[in-house]
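Readers should treat all values here as calculations from the given coordinates under stated rules, not as data from a laboratory. Given the structure is predicted, the values throughout are model-derived calculations rather than measurements. Cβ atoms come from the backbone with ideal geometry, glycine included; neighbour counts cover every protein chain shown.
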Amino acid sequence: MLLPKFEYHEPTTLEEALRLLSELGGNAKVLAGGTDVLVRMKQKIDKPSHVISIARVPGLDAITPRDRHGVTVGSGVTAADLARHELIRDRFTPLALAAGRLGAPMIRNRATIGGNLVNARPAADFPPACMVLNAILKLKSAHDEREVPVNGFFRGPGDALIEPHELLVSINFETPPPWSGGSYVKLGARKTLEISMVNVAALVTLESADGPITAARIALGAVAPTPVRAYAAEELLVGKQPSEELFQQAGETGVGMCSPITDHRGTMEYRCMMIEVLTKRALRLAVEQARAWRP
């Protein structure tokens, strides 16, 4: 399939990229890794008159630690870079695990975290991981900038809280507290190059290595029009000792917050069963990492 005709722009500064977005607005598409937008253009789903590549804009591909308080990830950072980054793997584990499960190696070398978030696909890998880490997204335009919590960023399938003249430039993550552990698990018909049938991210904080759960976050993907936080399941966990029975209850509670569909990848009934199974597994893995926490 051939791409439709368009005018190509390759700005070399953020200011130039934002000016182009301001001038071209809804007639333009931003090109980062291109693993989604080029496919949609070939399928004639998207037919932009202009394509703005941000590959040469400096700083968008940087991972910048902020002392001990967190890390700022540029929107142009690839899944491959996140999956192998030592700090991300150690302290922001759900993000690294989600990055490592996205597509296949060639896709991960191109796909960016910003593109994955802005595309707002219900089954995307990065949104649940970012949601349990309470990520804050920085959006910039030629004349303004704003910060949006990722938990309020997704409005529907393919619909995110970003305007045509805005660019997602970075994602900020606060370092989880001591005795925290995270996980990300994904179910697909294949091990690679597969869209999630269900995916679950979890972050659990313990009082101590053997103590009760003091905080918990669970995010579910591919089970509703947008990724969802399982707030009722999170509340169920707080103040209790981790156990298989508790995790099972959390999984059952999580099902009630979802509205999965039946499609060629799986039935609604099967997805509901897998929400329970994967939530239980994600919590178990998160607690195991929390108990192994080291300063």
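Cross-link partners of LYS186 among lysines, defined as those whose alpha carbon lies under 20 angstrom from its own and excluding same-chain residues fewer than eight positions apart: LYS280. A Förster radius of 25 Å combined with the Cβ-Cβ distance from LYS44 to GLU23 puts the calculated FRET efficiency at roughly 0.50. Going from the fewest other Cβ atoms within 10 Å to the most, the residues LEU220, LEU87 appear in the order LEU87, LEU220. The ranking of ILE275, ILE218, ILE136, ILE171 from fewest to most other beta carbons within 10 Å of each one's beta carbon is ILE136, ILE171, ILE275, ILE218. Straight Cα distances below 15 angstrom link LYS47 to the aspartates and glutamates GLU7, ASP36, with same-chain residues fewer than 8 positions distant left out. Could you state the number of Å between the C-alpha centres of the range 111-132 and the range 73-106? If you average the Cα positions of each part, the centres end up 12 Å apart.
Please list 23-31, 3-11, 117-125, 240-248 highest first by mean number of surrounding beta-carbon atoms within 10 Å per residue.
Going from most to least packed, we get 117-125, 23-31, 240-248, 3-11.
With q set to 0.20 Å⁻¹, the log10 of I(q)/I(0) for the range 166-274, from the Debye formula over equal scatterers at the Cα positions, is -1.08.
Rg/Rh, computed from the Cα trace of the range 7-50 with Rh as the Kirkwood radius, has the value 0.98.
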